[in-house]
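In what follows, a structure is listed as structure tokens, so that the remarks can point back to it.
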Amino acid sequence: MRDVTTHKKWTLTELTKGLDLTVKGDSDCLIEGVATIQDAGPAQIAFLMNPLYQKFLPKTRAAAVILSPDYAVDCPVTALITTNPYFVYAKIAAYFDDKPKRVSGIHPSAVIGKSCEIAHSVSIGPNCVIGDHVKIDENVVIGPGCVIDEWVEIGAGTEIQANVTLYHRVKVGKNVLIASGTVIGSDGFGLAKQRGKWHKVPQLGTVIIGDDVEIGANCAIDRGAIDNTIIGNGVKLDNLIQVGHNVQIGENTAIAGCVGIAGSANIGKDCMIGGGTGVGGHITITDNVAITGMTAVSKSIRQPGVYSSGVGGVIDNKEWRKASARVHRLEQLIERIKILEEKCRVD
Amino acid sequence: MRDVTTHKKWTLTELTKGLDLTVKGDSDCLIEGVATIQDAGPAQIAFLMNPLYQKFLPKTRAAAVILSPDYAVDCPVTALITTNPYFVYAKIAAYFDDKPKRVSGIHPSAVIGKSCEIAHSVSIGPNCVIGDHVKIDENVVIGPGCVIDEWVEIGAGTEIQANVTLYHRVKVGKNVLIASGTVIGSDGFGLAKQRGKWHKVPQLGTVIIGDDVEIGANCAIDRGAIDNTIIGNGVKLDNLIQVGHNVQIGENTAIAGCVGIAGSANIGKDCMIGGGTGVGGHITITDNVAITGMTAVSKSIRQPGVYSSGVGGVIDNKEWRKASARVHRLEQLIERIKILEEKCRVD
Amino acid sequence: MRDVTTHKKWTLTELTKGLDLTVKGDSDCLIEGVATIQDAGPAQIAFLMNPLYQKFLPKTRAAAVILSPDYAVDCPVTALITTNPYFVYAKIAAYFDDKPKRVSGIHPSAVIGKSCEIAHSVSIGPNCVIGDHVKIDENVVIGPGCVIDEWVEIGAGTEIQANVTLYHRVKVGKNVLIASGTVIGSDGFGLAKQRGKWHKVPQLGTVIIGDDVEIGANCAIDRGAIDNTIIGNGVKLDNLIQVGHNVQIGENTAIAGCVGIAGSANIGKDCMIGGGTGVGGHITITDNVAITGMTAVSKSIRQPGVYSSGVGGVIDNKEWRKASARVHRLEQLIERIKILEEKCRVD
């Protein structure tokens, strides 16, 4: 039998310790895991946040449901009442996370450079390559196959998952999570043209990543040209994101997958950027800006708010062809209106 | 002399064995390779499918051409007549594929965990890292530098190319192909905000990949939050595709490069999604939907058909600036029409 | 003390040797590094190109400023006057590049195949895997964790950074730079449908990369189906770029991040393609074309010029919703104009 799960059990009292919530029901019941409200069984805990799932509440078989005060009356099982059910869920779900634990120590297959400072509690996985003068603080976990070049510094509690590449002099803060395949500190796209040919502009800065940052899989974050590329504390990046040289991203900004940020863009704090968006070079986005998915940000945004570009709405392809043609003939339409306006005036 | 090719030769009879086609001409001629219809020499086989290339048929020097019945009359050389020339070409071309053969066995530099079940015919390349409890079925090939974490299961005949990362508990079906740099099972982008800061929501599901799936290079497929991310049998993904947590992709759906699929999107069977498209979170796309490239799918699609978004057509940048301005002034246009309408009524 | 920098110093005379410029001021001053014009100190050199930064010139504390003749009069410090300040900056900045130097030789942890031809000056990093029959010319540097498959050829002076994957038979020219995570030579997305299922079309070509090419991080360049995918001399690719099978990119074309190029597209020489752009399959783009960011190139471009698609301009989301709705109701607008035109004629 292949038994993946750990089958740890906790009482509700244990799971909710330190959390700001009210338990209405049995605090002693044993919980073995989490599940969706529609699928949860009698040893599982569920949460309700999205109104679309409210319909499943009356018939839920969960041991307990995490929900806001509004939904509490309709809860047929133990209710964990809180103003922020998703946050409470996150804290409780962490008890059931079966992600592999890494043991401290350096795997014998890892290649470690000279003059490194590596704390005792650090875990370095098989086939890692660590360059000279690298400094790795307590409780850092580095997954298999990572390449960490000279003079990199990694703060305490950070986890760098398998097959990540950090170029020389990159600085990573505390409690950062970097997912597999991500590349940090590659050269920015700096090119000078001379007699019809491109010449490389050396990229002399580096990348500075703050504390509590999360970076998804297969991202590419370039080092600065002269100054550094800077990712602020608490920034969250999804997968396949490109961050150009000298970009600055302010604290607690969250960016969804497939976003491309061109060089020297300056993105404020507490922004949310939807997937597939592109931010042009040298553009400034102020704090508290939300940008919907697949927007082309071609000029600076100076006021907080929600922004979009292009024409929204997915439609039938034939209609789309006609609509597109109409947009490109708008000038003729304007001409026809002008003629009408003149006629009407004359009349 | 560097001799890359294998110079194997087959007769047309050998190459067409088991294929549904009619040979018109010499079945015994020896074939050494495939080529385009315009470039093929007298020991090569070509195919004709795209009408744009019909003009090359009368003068082709190929030994034989794979084509549909309509073109057969004009074929000056041996004709392999079939209703599906591209499929027949695919089967014949496989004879000439010189991709490296991997030998069975585990390379001594690979690091293998405890309690793994690895079939005898499996090939594990140099510098792979296989975690504990991994199960790998017959004839699986794992390229160099792959990292396969705990409890992963890989079905028979699957090929995982170099530098791929599979996180813990990912399940891969039979006869799957995963290209280099792809990351499967990284954490979904789950964040709960509390007092202005983002907190990680543990991602407790995994990724289940069906049989006969192909996944291109440098993709990122996230594990589910509670339930799993599911890639159906026969799904084909190109390069640099992001698949968010809890996404489901139905059987035989093909998705081109640079597509981003946000969390909990549910894509049907037999769909085709063009390159650069973005699919929003929690969106449902029914079966048999085609989506043109770079579409923003911002709402569910309930009817089969072809869909697009935005305004199509690439135009001169100056015209584009004018057209864009006109779109943003459409309200004024509508106002002018209203005034005209009132005038005309009054008159 | 962690001392990253090398603290090499050069006189202006040394730094400007061989460059086409005029020094106005002290050629003997010692320079320790480069900095931005606003931040430079008395041992640093700066450059001025972007008019936005002209305001910092009068008060700069730099030892010297590289600038064009127009700005020379206002320069309060030593002026390096040239018609191409950015190019001169690039050449001078190279003196201060502290990127790690790799030592010649093959790291003992690297796995090298049979019948390889590897020049003496080559540097192969830890945990690299080199297949059989690979040919690597003088002064090539291959970073840690790279996987280079059978029959690959790499030209003199090329640098392949950590964790790059080159598939079998890929040919890389001289003085090429390939950043980490990039995959070259993976199978093109070739699929033939037969009885409702996709069948793989073998990808028998390879990828040919010219001299002086730069390829950024986490790109994916597919091998050709029959012929090869070809990247011309001097082409510069940013990060996260997808290049489909059989694509050809002409000399000195520069492509920004997150661009996707579908199969068999043919892009001319000296083009510039903005970030996030998509180029459709089988499309031809002539020489000297510039394409703005996030354009969907859905048809061939036969004339040099600047091109765009869609509707530009990022706007407030509510306005955007209204504008989008208006575009989709354009037909009604046209109808209303028609009615007015008829009325006016009748009147």
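The values are calculated or read from the model by the stated rules, or taken from the named source; none is laboratory data. Keep in mind that this is a model prediction, so the values were computed, not measured. So basically every Cβ, Gly included, is an ideal-geometry build from the backbone, and we count neighbours across all protein chains shown. Calculation scope for accessible area: heavy atoms of the full protein, side chains included, ligands and nucleic acids excluded. Shrake-Rupley method; radii C 1.70, N 1.55, O 1.52, S 1.80 Å.
Which values of log₁₀ I(q)/I(0), to two decimal places, follow from the Debye formula for the stretch C:284-337 at q = 0.24, 0.26 Å⁻¹ with a uniform point scatterer at every Cα? For the stretch C:284-337 at q = 0.24, 0.26 Å⁻¹, log10 I(q)/I(0) is -0.90, -0.96. Taking a ≥ b ≥ c as the square roots of the Cα gyration tensor eigenvalues, with a/c under 1.5 meaning rounded and otherwise prolate when a/b beats b/c, else oblate, which class fits the stretch B:248-302? Rounded, since a/c falls under 1.5. Karplus-based coupling profile of the stretch B:273-285, in residue order and whole Hz: 10, x, x, x, 6, x, 10, x, x, 6, 8, 10, 10, with θ = phi - 60° in 6.51 cos²θ - 1.76 cosθ + 1.60 and x standing for Gly or Pro. Ligands, DNA and RNA are left out, and with a 1.4 angstrom probe the accessible area of chain B is 40 Å² per residue. Inter-chain Cβ neighbour count for A:107-115, averaged per residue, equals 3 (cutoff 10 Å, partner chain atoms only).
The phi torsions of the stretch A:227-242, fed into the Karplus equation with coefficients 6.51, -1.76 and 1.60 and a -60° offset, translate into couplings of 7, 9, 7, 10, 10, x, 4, x, 6, 10, 10, 7, 7, 6, 9, 9 Hz, rounded to whole numbers, with Gly and Pro shown as x.
Bridging of B:LYS299 to aspartates and glutamates at a Cα separation below 16 Å is possible for A:ASP316, B:ASP287, once same-chain residues fewer than 8 apart are set aside.
Between the amide H of B:ASN266 and those of B:GLN248, B:ILE283, B:THR284, B:ILE285, distances stay under 5 Å, these residues lying 5 or more places away or on another chain, with hydrogens modeled in the peptide plane.
Starting from the Cα gyration tensor of the stretch B:91-188, take the square roots of the eigenvalues, sort them a ≥ b ≥ c, and report rounded, prolate or oblate (rounded when a/c is under 1.5, otherwise prolate if a/b is larger than b/c, else oblate). Prolate. Of the residues in the stretch C:202-251, those shielded by at least 50 Å² of accessible area once partner protein chains are present, compared with the chain alone at a 1.4 Å probe, are C:PRO202, C:LEU204, C:GLU214, C:ASN218, C:ILE226, C:LYS236, C:ASP238, C:ASN239, C:LEU240, C:GLN242.
Evaluating 6.51 cos²θ - 1.76 cosθ + 1.60 at θ = phi - 60° for every residue in the stretch B:289-294, the Karplus couplings come out as 9, 10, 10, 6, x, 6 Hz, glycine and proline recorded as x. Holding the Cα-Cα limit at 22 Å, pick out from B:LYS24/B:LYS59; A:LYS101/B:LYS171; B:LYS8/B:LYS174; A:LYS236/B:LYS193; A:LYS8/A:LYS101 the pairs that are longer than that. Violating the 22 Å Cα-Cα cut-off are B:LYS8/B:LYS174.
Which links in A:LYS343/B:LYS338; A:LYS114/A:LYS135; A:LYS343/B:LYS322 stretch past 20 Å when you go from one Cα to the other? Flagged as over cut-off: A:LYS343/B:LYS322. Amide H to amide H distances under 5 Å link B:ILE31 with B:TRP10, B:THR11, B:LEU12, where only residues 5 or more positions off or on other chains count and H is placed in the peptide plane. Taking C:THR78, C:THR277, C:THR286 as the candidate residues, the one with maximal mean-square fluctuation in a Gaussian network model of chain C, Cα springs under 10 Å, is C:THR78. How many angstrom separate the Cα center of the stretch B:165-224 from the Cα center of the stretch A:103-120? Computed from Cα coordinates, the inter-centre distance equals 28 Å. The contact residues of the stretch B:76-96, meaning those that lose at least 40 Å² of 1.4 Å-probe accessible area when all protein chains sit together rather than their chain alone, are B:ASN84, B:TYR86, B:PHE87, B:TYR89, B:ALA90. Summing both sides, the accessible surface hidden between C and B at a 1.4 Å probe radius is close to 6300 Å².
Please report the net charge: other residues with Cβ closer than 12 Å to the Cβ of C:CYS29, K and R +1, D and E -1.
Working: positive: C:LYS9; negative: C:GLU14, C:ASP26, C:ASP28, C:GLU32.
Neighbourhood net charge equals -3.
Within the accessible surface of the stretch B:108-147, defined with a 1.4 Å probe on protein heavy atoms only, the carbon and sulfur portion equals 50 percent. Amide H to amide H, with H built 1.01 Å from N, C:GLU159 comes under 5 Å of C:VAL141, C:VAL176, C:LEU177, C:ILE178, counting only residues 5 or more places away or on other chains. How about the stretch A:137-152: which of its residues lose at least 20 Å² of accessible area in the presence of all protein chains relative to their chain isolated, using a 1.4 Å probe? The answer is A:PRO144, A:VAL147, A:ASP149, A:GLU150, A:TRP151 - residues whose exposure falls by at least 20 Å² when every protein chain is included. Ranked by the mean number of other Cβ atoms within 10 Å of their residues, highest first, the peptides A:22-33, B:59-70 fall in the order B:59-70, A:22-33.
The portion of the accessible surface of the stretch C:202-334 made up by carbon and sulfur, rounded to a whole percent, is 47 (1.4 Å probe; DNA, RNA and ligands excluded). For the protein assembly as shown, the gyration tensor built on C-alpha atoms gives a rounded shape. Its axis ratio a/c (a ≥ b ≥ c) stays under 1.5. In chain B, Cα pairs under 8 Å separated by at least six residues give a relative contact order of 6 percent.
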